[in-house]
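Visitor: Pasting a structure below so you can have a look.
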Amino acid sequence: MAKRIQLVLTQNVSKLGRVGDLVEVAPGYARNYLVPQGMATTVNPGILKQVARRRELEEQRLAELKQQAVQISAEIETAGGFDIEKQAGENDSIFGTVTNQDVADAIKAKTNQDIDRRTITLPEIGKLGEYTAQIKLHPEVTAKVVIRVVAA
């Protein structure tokens, strides 16, 4: 069986890796496809240092993003609840629905934080009252906010 070759990817390659990844591939795949197409380069000590430095920078960037998400989460959760006004009929049932955009707008108005509406998960809201919504700010950070639906 042939020995595997280490390469550093210079482009994203599906089912293999992303730019800057250190991968091991078969010699024929490297010699006949990846290197001639400019998708990868051979490994040497200088390139290994570059890969390590790039990884460090990426880890720092991800840590900063997580820290920002934690700060936003704390700010949103300490703001108390958010009031959303809807017209109500008999038995406190509301006309229409409370949407993710309504929640994002209420958060923006009260805390001045821009929240992507696609990250908000709402329960079924059909009546006036208090509900808990979840906002996924980061893969490891989720904020829980109280939504109060009140009559307009």
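Visitor: Please work out if Val141 is at pLDDT below 95, surrounded by 11 or more Cβ atoms within 10 Å (Cβ to Cβ) and in contact with a Ser or Thr (Cβ under 6 Å, 6 or more places away or on another chain). Before the answer, list the steps.
Guide: Working: at pLDDT below 95: yes; surrounded by 11 or more Cβ atoms within 10 Å (Cβ to Cβ): yes; in contact with a Ser or Thr (Cβ under 6 Å, 6 or more places away or on another chain): yes.
So Val141 passes the test.
Visitor: I would also like to ask the following. Please work out if Ala63 is loosely packed, with under 12 Cβ neighbours inside 10 Å, part of a helix (DSSP H, G or I) and of a type in the set (A, V, I, L, M).
Guide: Values: loosely packed, with under 12 Cβ neighbours inside 10 Å: yes; part of a helix (DSSP H, G or I): yes; of a type in the set (A, V, I, L, M): yes.
In short, yes.
Visitor: Any residue at all in the range 47-59 that is closer than 30 Å to Val141 by Cα and outside any helix (DSSP H, G or I)?
Guide: Looking for residues that are closer than 30 Å to Val141 by Cα and outside any helix (DSSP H, G or I), one finds none in the range 47-59, hence no.
Visitor: Could I ask something else about it? Only one of these conditions is not met by Asp114: (1) within 20 Å of Lys66 (Cα to Cα); (2) in contact with a Ser or Thr (Cβ under 8 Å, 6 or more places away or on another chain). Which number is it?
Guide: Unmet condition: (2).
Visitor: Kindly indicate which of Asp102, Asp116 is of a type in the set (D, E, K, R), surrounded by fewer than 17 Cβ atoms within 10 Å (Cβ to Cβ), modelled with pLDDT of 90 or more and not assigned by TED's automatic domain parsing to the domain that holds Val23. Reasoning before the result, please.
Guide: Values: Asp102 fails: surrounded by fewer than 17 Cβ atoms within 10 Å (Cβ to Cβ).
Asp116 is the lone residue from the list that is of a type in the set (D, E, K, R), surrounded by fewer than 17 Cβ atoms within 10 Å (Cβ to Cβ), modelled with pLDDT of 90 or more and not assigned by TED's automatic domain parsing to the domain that holds Val23.
Visitor: Still on this structure: Pull up the range 79-97, narrow it to residues that are of a type outside the set (Gly, Ala, Ser) and modelled with pLDDT under 90, then point me to the one that is farthest from Glu124 (Cα to Cα).
Guide: As a first pass, look at the range 79-97 and keep what is of a type outside the set (Gly, Ala, Ser): 82-87, 90-92, 94-95, 97.
With modelled with pLDDT under 90 added as a condition, the list becomes 90-92.
Working: Glu90: 18, Asn91: 16, Asp92: 15 Å.
Taking the candidates together, the pick is Glu90.
Visitor: Here is a further query. For the structure I just gave you, tell me whether Thr42 is more than 29 Å from the chain's Cα centre (by Cα) and modelled with pLDDT under 95. Before the answer, list the steps.
Guide: Values: more than 29 Å from the chain's Cα centre (by Cα): yes; modelled with pLDDT under 95: yes.
Answer is yes for this residue.
Visitor: Next question. Considering only residues of the range 119-138 that are surrounded by 13 or more Cβ atoms within 10 Å (Cβ to Cβ) and of a type in the set (D, E, K, R), which is modelled with the highest pLDDT?
Guide: Lys136
The values are calculated or read from the model by the stated rules, or taken from the named source; none is laboratory data. Because the structure is predicted, anything quoted here is derived from the model rather than measured. When we count neighbours, we look across all protein chains shown, and the Cβ atoms used for this are built from the backbone with ideal geometry, even at glycine.
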